[in-house]
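Okay, so here's the structure we're looking at.
The values are calculated or read from the model by the stated rules, or taken from the named source; none is laboratory data. All of these numbers come straight from a predicted model, not from anything done at the bench. Backbone-built Cβ (ideal geometry, glycine too); neighbour counts: all protein chains shown.
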Amino acid sequence: MSKEVFILGEVREGRIHSVTYELLSWGRYLSDKLKVTLSALLLSHNLKGIDEAIYYGADRVYYFDHSLLKVFNVEVYGDVLIPFIKETKPEIILAGATTIGRTIMPYIAGKIKTGLTADCTSLDIEENSGLLLQTRPAIGGNVLATIKTPLYKPQMATVRPRGRRPLERDIKKDGSIEIIKPDININPKMELLDFKPRLEGVSLEDAEIVISGGKGLKDPKNFSLLFEISKLLESSGVGASRTVVDMGWVEYSHQVGLSGKTVNPKVYIAVGISGAVQHLAGMMDSESIIAINKDPEAPIFQVADLGIIGDALEILPVLKRRLEERKR
Amino acid sequence: MNVYILVKQVPATDKVKIDETTGTMKREEMEAVINPLDLYAIEGALQIKELYNRDVKITAISMGPSKAEEVLREAIAMGCDSGILLSDRAFAGADTWATSYTIATLIKKLNDFSLIITGERATDGETGQVGPSLAGQLDLPVVTYVSKIVDINEEYIIVEREVEYGVEVVKVKLPAVASVIKAIGEPRLPTLRGKIKARDTKIEVYNLERLALKREDVGLLGSPTRVVKIFYPKISRNGEKIKVNNPEEAADYIIGFLQERGIV
């Protein structure tokens, strides 16, 4: 059997999630360098649009179809994937650094004993050895470390979402689909009782624009302006510094930073955030950054592409009005 | 019911100092603290103690140099009952697999337990891998990103977990591994009684020999991964910094910036 690079695709609520296409883009780059087959693993039930994985770069799709695979369950995924990995012996397995990827990948790596690198922002192949070089931020983004797994296979990594553009969709691309109906013999010890979908908007990790506020906004009422502005910008979400989350202005799910979420949107807008290391760690890798702050010496300006020295409390209402006018 | 929580001593990352000329971290100037996200693991365990309403014994476990005993005493001061430190020169340089393996070996030696609770991740390594890896090695179910403990009895625990697309309510058969996030609730402060107890409690120490482990299976030798190099990202973007005269001008700049990127 030819050698393979695997990407673990992600299916959320019955649809292939975009992180799958980003992983295929990384996987294509690595498998071309290694001259091996790129295979996408998809676990679901009655999944539509499987061809998309091929259009976005896969040579082969292994589609595991079973009613128990409809929702993510770490034990069931492990029961399906571990024997398959042992049999196919891929060189590399990539998954998204998402709640699914960050759960299943260490679970598998723990069971089969191999190296796993979390939250990679860059991947490459080492010359001569052909080993996977995995680069990731650590210690609050103060350091980047390149890590490899010299003696164990597969070499496993979770990859930070939105770090790489998917390839151009090519409907003429060749590829094969292998449908596998796995026997699932385990009695899962976990059961999903209920699911409360998020009511509106995209998740912070998926947002193309994140507008975040800090204590410079003075009070929760001013902070709510960020939500109003976010509604006017497509695919956007509201973030917050740790300070304002700790003060109870907004829920923890909005916190960006070392003890919150890591985001890398197209545009990150930091409003009234001074830019403590704690916060920078969660947003420094954004494609572009706008900072609005009264204090010209605020450290946030060091990471900003556009720094506005001015009063956020005056600027936000005007920005909101101008965006509303554009909508009309 | 026995509950284990995992805690780690980390550099106080908020106060990281970088040497301007070399771009390296001034480690000697950094103090060590309990991983802030582990406080939520302790809080989760204390909530379980209240909810279960029967005898719950919470043991904090840490791996590190003997100095890491401090974080175990801190955990006891907050309400944990005892502490175990995994400490041996041979454990140094462990990656997440070797760390999980060492902890898994300890846990197999200890009494029966119902739950192992971890924080979401440590603020130094930032991997969040030890919880699920430990579950894999001990063949236990693992529930990650727990934001609320709904119910617990001797058979199972019901929790809410936050995922990107919503909130799941999950029932997990015990024993299990759970990693909790900050939404679990504000960690309580150490009590005076707790502090006295922390001072007087003897911390159990397990080394390589006591765990009957082989040197080649732990620490750097037992780690599948290797660090190839460490480097320091350039954080400066050298962007424009503009002092605006009025909010309209600020809005012009911001909208212009968004337009250039095809967003509005």
Evaluate the following for A:Tyr62: is it at pLDDT 95 or above and surrounded by 19 or more Cβ atoms within 10 Å (Cβ to Cβ)? yes
Of all residues being within 8 Å of chain A (Cβ to nearest Cβ) and small (Gly, Ala, Ser) in segment B:197-245, which is farthest from B:Glu74 (Cα to Cα)? Just the residue, please. B:Gly239
Contact list please: Cβ distance under 9 Å, first residue in segment A:276-287 and more than 8 Å from chain B (Cβ to nearest Cβ), second residue in a helix (DSSP H, G or I) and aliphatic (A, V, I, L, M), pairs at least six apart or on different chains. A:His279/A:Ile300; A:Met283/A:Val303; A:Ser286/A:Val303
Can you tell me which residues in segment A:123-134 are polar (S, T, N, Q), within 11 Å of chain B (Cβ to nearest Cβ) and surrounded by fewer than 16 Cβ atoms within 10 Å (Cβ to Cβ)? A:Ser129
Scan segment A:155-167 and give yes if some residue there is within 8 Å of chain B (Cβ to nearest Cβ) and either in contact with a Leu (Cβ under 8 Å, 6 or more places away or on another chain) or under 25 Å from A:Ser286 (Cα atoms) (or both), otherwise no. no
Which strands (runs of 3 or more DSSP E) does segment B:202-264 wholly contain that include 1 or more residues that are farther than 18 Å from A:Gly307 by Cβ and of a type outside the set (Ser, Thr, Tyr)? B:204-206, B:226-231
When only residues in segment B:123-139 that are more than 7 Å from chain A (Cβ to nearest Cβ) and surrounded by 24 or more Cβ atoms within 10 Å (Cβ to Cβ) count, which is farthest from B:Val167 (Cα to Cα)? B:Val130
Members of segment A:288-322 that are free of Cβ contacts under 8 Å to residues at least 60 places away in the same chain and part of a loop (DSSP other than H, G, I, E, B): A:Asp295, A:Pro296, A:Glu297, A:Ala298, A:Ala304, A:Asp305, A:Gly310, A:Asp311
Can you name the residue in segment A:173-200 that is free of Cβ contacts under 8 Å to residues at least 24 places away in the same chain and assigned to a loop (DSSP other than H, G, I, E, B) and is also surrounded by the most Cβ atoms within 10 Å (Cβ to Cβ) among such residues? A:Arg198
Among the residues of segment A:244-254, write down those that are over 16 Å from the mean Cα position of the chain (by Cα) and closer than 22 Å to A:Pro137 by Cβ. A:Val245, A:Tyr252
Heads up, the strands (runs of 3 or more DSSP E) in segment B:1-111 (entirely inside) with at least 3 residues that are touching a strand residue (DSSP E or B) at 6+ places or on another chain (Cβ under 9 Å) and at pLDDT 95 or above are B:2-6, B:57-63, B:82-86
Of the residues in segment A:203-218 that are outside any strand (DSSP E or B) and at the interface with chain B (Cβ under 9 Å from one of its Cβ atoms), the one that is surrounded by the most Cβ atoms within 10 Å (Cβ to Cβ) is A:Leu204
Confirm whether A:Ile186 is at pLDDT below 95, outside the structural domain of A:Gly282 (by TED's automatic domain parsing) and touching a helix residue (DSSP H, G or I) at 6+ places or on another chain (Cβ under 7 Å). yes
Within segment A:161-193, the residues that are basic (Lys, Arg) and touching a Lys or Arg at 6+ places or on another chain (Cβ under 8 Å) are A:Lys189
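Residues checked against (1) surrounded by fewer than 21 Cβ atoms within 10 Å (Cβ to Cβ); (2) without any contact (Cβ under 8 Å) to a residue 24 or more places away in the chain; (3) more than 17 Å from A:Val19 (Cβ to Cβ):
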site	(1), (2), (3)
A:Ile82	yes, no, yes
A:Thr88	yes, no, yes
A:Gly96	no, no, no
A:Thr103	no, no, no
A:Gly110	no, yes, yes
A:Gly115	no, no, yes
A:Thr121	yes, no, no
Across segment A:29-55, which residue is farthest from A:Thr99 (Cα to Cα) among those that are in a helix (DSSP H, G or I) and out of contact with any Asp or Glu (no Cβ under 9 Å at 6 or more places or on another chain)? A:Asp32
Segment B:154-194 - residue that is within 9 Å of chain A (Cβ to nearest Cβ), in a loop (DSSP other than H, G, I, E, B) and not charged (D, E, K, R) and, of those, farthest from A:Gly201 (Cα to Cα): B:Leu174
Going through (1) at the interface with chain B (Cβ under 10 Å from one of its Cβ atoms); (2) within 29 Å of A:His66 (Cα to Cα) one by one, A:Leu233 fails only at (2)
